[in-house]
Amino acid sequence: MSSDEGDVDVAGDCKPPVTGKLLNGLPVGPQPDANYPLEIPYCGECTLPLEYCEFSPTPEKCLLWVEKNLPDLYERLMKQSDADGKDAEGGGEEKKRQKRGGRGVIKAKKKQQGPQKVMIARSSRGKKKFVTVITGLNTFDIDLKDAAKYFAHKFSCGSSVTGDSEIVVQGDVKDDLFDIIPEKWPEIDEDSIEDMGDMKR
(Lines give C-alpha, C1' and ligand atoms only; values in the text may rest on other atoms or scores of the structure.)
Protein backbone atom coordinates (compact mmCIF):
# COMPACT_ATOMS: atom_id res chain seq x y z
CA MET A 1 0.00 0.00 0.00
CA SER A 2 1.54 3.29 -1.06
CA SER A 3 -0.09 6.70 -0.49
CA ASP A 4 0.70 10.06 1.03
CA GLU A 5 1.24 8.25 4.31
CA GLY A 6 4.32 6.12 5.01
CA ASP A 7 4.49 2.57 3.62
CA VAL A 8 3.15 -0.16 5.90
CA ASP A 9 4.34 -3.72 5.56
CA VAL A 10 2.21 -6.83 6.20
CA ALA A 11 3.23 -7.18 9.86
CA GLY A 12 1.86 -3.68 10.60
CA ASP A 13 5.23 -2.05 11.28
CA CYS A 14 5.63 1.44 9.87
CA LYS A 15 8.62 2.23 7.76
CA PRO A 16 10.09 5.70 8.32
CA PRO A 17 8.37 8.20 6.03
CA VAL A 18 10.23 9.80 3.22
CA THR A 19 11.08 13.51 3.47
CA GLY A 20 8.50 15.77 1.84
CA LYS A 21 5.62 13.31 2.37
CA LEU A 22 2.48 14.06 4.34
CA LEU A 23 1.30 12.10 7.36
CA ASN A 24 -2.28 12.93 8.36
CA GLY A 25 -2.04 16.12 6.32
CA LEU A 26 1.09 17.38 8.09
CA PRO A 27 4.61 17.51 6.62
CA VAL A 28 7.01 14.89 7.94
CA GLY A 29 10.78 15.10 8.21
CA PRO A 30 13.13 17.98 7.47
CA GLN A 31 11.64 20.77 5.36
CA PRO A 32 13.66 22.24 2.49
CA ASP A 33 12.97 25.89 3.45
CA ALA A 34 14.05 25.57 7.13
CA ASN A 35 17.52 26.01 8.63
CA TYR A 36 18.47 23.27 11.05
CA PRO A 37 18.89 23.14 14.01
CA LEU A 38 15.87 25.37 14.61
CA GLU A 39 16.49 28.34 16.89
CA ILE A 40 13.52 29.15 19.07
CA PRO A 41 13.74 32.45 20.98
CA TYR A 42 12.57 32.30 24.59
CA CYS A 43 11.34 35.23 26.62
CA GLY A 44 13.64 36.32 29.44
CA GLU A 45 10.66 37.48 31.52
CA CYS A 46 8.30 34.47 31.53
CA THR A 47 10.71 31.82 30.09
CA LEU A 48 8.13 30.74 27.49
CA PRO A 49 8.66 30.75 23.73
CA LEU A 50 7.85 34.23 22.41
CA GLU A 51 4.65 33.15 20.65
CA TYR A 52 3.24 32.06 24.04
CA CYS A 53 4.05 35.28 25.93
CA GLU A 54 0.48 36.50 25.44
CA PHE A 55 -0.68 33.66 27.73
CA SER A 56 1.79 34.50 30.53
CA PRO A 57 0.60 36.24 33.72
CA THR A 58 2.37 39.48 32.69
CA PRO A 59 2.33 39.89 28.89
CA GLU A 60 3.12 43.62 29.18
CA LYS A 61 6.46 42.90 30.86
CA CYS A 62 7.24 40.28 28.21
CA LEU A 63 6.61 42.83 25.47
CA LEU A 64 8.97 45.31 27.13
CA TRP A 65 11.65 42.60 27.38
CA VAL A 66 11.29 41.75 23.68
CA GLU A 67 11.47 45.45 22.76
CA LYS A 68 14.69 45.87 24.73
CA ASN A 69 16.49 42.63 23.78
CA LEU A 70 15.11 41.68 20.34
CA PRO A 71 14.16 44.95 18.57
CA ASP A 72 13.85 43.44 15.07
CA LEU A 73 11.46 40.75 16.31
CA TYR A 74 9.56 43.39 18.28
CA GLU A 75 8.92 45.39 15.09
CA ARG A 76 7.58 42.28 13.33
CA LEU A 77 5.31 41.52 16.29
CA MET A 78 3.99 45.09 16.34
CA LYS A 79 3.26 45.05 12.59
CA GLN A 80 1.47 41.71 12.99
CA SER A 81 -0.56 42.90 15.99
CA ASP A 82 -1.53 46.11 14.12
CA ALA A 83 -2.77 44.03 11.20
CA ASP A 84 -4.70 41.75 13.59
CA GLY A 85 -6.14 44.78 15.41
CA LYS A 86 -7.50 46.27 12.18
CA ASP A 87 -9.15 42.97 11.26
CA ALA A 88 -10.89 42.59 14.63
CA GLU A 89 -14.13 44.51 15.05
CA GLY A 90 -14.89 46.54 18.16
CA GLY A 91 -11.56 45.92 19.83
CA GLY A 92 -11.72 49.19 21.76
CA GLU A 93 -12.13 47.63 25.20
CA GLU A 94 -9.22 45.92 26.84
CA LYS A 95 -9.76 42.44 28.15
CA LYS A 96 -9.91 42.33 31.95
CA ARG A 97 -7.47 39.80 33.32
CA GLN A 98 -8.09 37.81 36.45
CA LYS A 99 -5.24 37.70 38.94
CA ARG A 100 -3.75 34.33 39.78
CA GLY A 101 -5.21 32.25 42.57
CA GLY A 102 -8.46 34.06 43.14
CA ARG A 103 -12.09 34.05 42.21
CA GLY A 104 -11.90 37.47 40.64
CA VAL A 105 -13.61 40.42 42.24
CA ILE A 106 -16.03 39.44 44.96
CA LYS A 107 -18.94 41.83 45.16
CA ALA A 108 -20.07 42.84 48.61
CA LYS A 109 -23.60 41.87 49.49
CA LYS A 110 -26.00 44.73 49.93
CA LYS A 111 -27.33 45.16 53.41
CA GLN A 112 -31.00 44.46 53.77
CA GLN A 113 -32.94 47.64 54.33
CA GLY A 114 -35.88 46.22 56.24
CA PRO A 115 -37.28 46.14 59.73
CA GLN A 116 -34.82 44.96 62.37
CA LYS A 117 -36.66 42.08 63.97
CA VAL A 118 -35.56 38.76 65.36
CA MET A 119 -38.14 36.02 64.87
CA ILE A 120 -38.10 32.85 66.93
CA ALA A 121 -40.21 29.82 66.03
CA ARG A 122 -40.47 26.21 67.10
CA SER A 123 -40.66 23.46 64.50
CA SER A 124 -41.33 19.77 65.04
CA ARG A 125 -38.72 17.24 64.06
CA GLY A 126 -40.43 13.88 64.28
CA LYS A 127 -43.12 13.06 66.84
CA LYS A 128 -41.64 14.30 70.14
CA LYS A 129 -38.57 16.27 69.06
CA PHE A 130 -38.35 19.96 68.21
CA VAL A 131 -35.92 22.47 66.78
CA THR A 132 -35.88 26.22 67.37
CA VAL A 133 -35.54 28.44 64.30
CA ILE A 134 -34.07 31.93 64.77
CA THR A 135 -34.21 34.42 61.87
CA GLY A 136 -33.28 38.08 61.58
CA LEU A 137 -30.05 38.24 63.62
CA ASN A 138 -28.17 39.38 60.52
CA THR A 139 -30.25 42.59 60.37
CA PHE A 140 -28.39 43.65 63.53
CA ASP A 141 -24.98 42.89 61.89
CA ILE A 142 -24.44 39.79 64.05
CA ASP A 143 -22.27 37.04 62.59
CA LEU A 144 -24.55 34.03 62.26
CA LYS A 145 -21.77 31.46 62.60
CA ASP A 146 -20.61 32.98 65.88
CA ALA A 147 -24.20 33.15 67.12
CA ALA A 148 -24.82 29.49 66.22
CA LYS A 149 -21.64 28.50 68.01
CA TYR A 150 -22.72 30.50 71.08
CA PHE A 151 -26.17 28.85 71.12
CA ALA A 152 -24.64 25.37 70.76
CA HIS A 153 -22.31 26.06 73.69
CA LYS A 154 -25.00 27.71 75.84
CA PHE A 155 -27.64 24.99 75.38
CA SER A 156 -25.23 22.03 74.96
CA CYS A 157 -26.88 21.00 71.73
CA GLY A 158 -26.39 21.13 67.98
CA SER A 159 -26.80 24.45 66.23
CA SER A 160 -26.22 25.40 62.60
CA VAL A 161 -26.67 28.20 60.08
CA THR A 162 -29.12 27.29 57.32
CA GLY A 163 -29.89 29.70 54.52
CA ASP A 164 -29.02 33.38 54.48
CA SER A 165 -30.45 34.51 57.79
CA GLU A 166 -31.59 31.41 59.67
CA ILE A 167 -30.10 29.54 62.64
CA VAL A 168 -31.51 26.15 63.68
CA VAL A 169 -30.95 25.08 67.31
CA GLN A 170 -31.79 21.50 68.26
CA GLY A 171 -34.33 21.29 71.04
CA ASP A 172 -37.14 23.52 72.29
CA VAL A 173 -35.20 26.50 73.71
CA LYS A 174 -37.56 29.21 72.46
CA ASP A 175 -38.47 30.53 75.92
CA ASP A 176 -34.84 30.78 77.03
CA LEU A 177 -33.87 32.75 73.92
CA PHE A 178 -36.05 35.73 74.92
CA ASP A 179 -33.72 36.31 77.89
CA ILE A 180 -30.40 35.18 76.39
CA ILE A 181 -30.42 37.19 73.11
CA PRO A 182 -30.76 40.68 74.74
CA GLU A 183 -28.22 39.66 77.40
CA LYS A 184 -25.62 38.58 74.82
CA TRP A 185 -26.34 41.33 72.25
CA PRO A 186 -27.48 44.55 74.01
CA GLU A 187 -28.39 46.25 70.70
CA ILE A 188 -31.36 43.85 70.44
CA ASP A 189 -34.07 44.84 72.89
CA GLU A 190 -36.92 42.56 73.93
CA ASP A 191 -39.44 44.52 71.84
CA SER A 192 -37.65 43.59 68.60
CA ILE A 193 -37.89 39.84 69.34
CA GLU A 194 -41.06 38.28 67.98
CA ASP A 195 -42.53 34.86 68.84
CA MET A 196 -43.74 33.16 65.67
CA GLY A 197 -45.22 30.14 67.51
CA ASP A 198 -45.05 26.70 65.92
CA MET A 199 -44.19 26.38 62.26
CA LYS A 200 -43.79 23.53 59.77
CA ARG A 201 -40.49 23.05 57.93
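The values are calculated or read from the model by the stated rules, or taken from the named source; none is laboratory data. All values reported here derive from a predicted model rather than from experimental measurement. Reconstructed Cβ throughout: ideal geometry from the backbone, glycine too, with neighbour counts over all protein chains shown.
Restricting region 161-175 to residues that are within 21 Å of LYS128 (Cβ to Cβ) and not aliphatic (A, V, I, L, M) leaves a set whose member that is farthest from the chain's Cα centre (by Cα) is ASP175. If we keep just the residues of region 58-102 that are among the hydroxyl-bearing types (Ser, Thr, Tyr) and modelled with pLDDT under 85, which is surrounded by the fewest Cβ atoms within 10 Å (Cβ to Cβ)? Taking the candidates together, the pick is SER81. Can we say GLY44 is part of a loop (DSSP other than H, G, I, E, B) and either surrounded by fewer than 10 Cβ atoms within 10 Å (Cβ to Cβ) or modelled with pLDDT under 85 (or both)? It is false that GLY44 is part of a loop (DSSP other than H, G, I, E, B) and either surrounded by fewer than 10 Cβ atoms within 10 Å (Cβ to Cβ) or modelled with pLDDT under 85 (or both).
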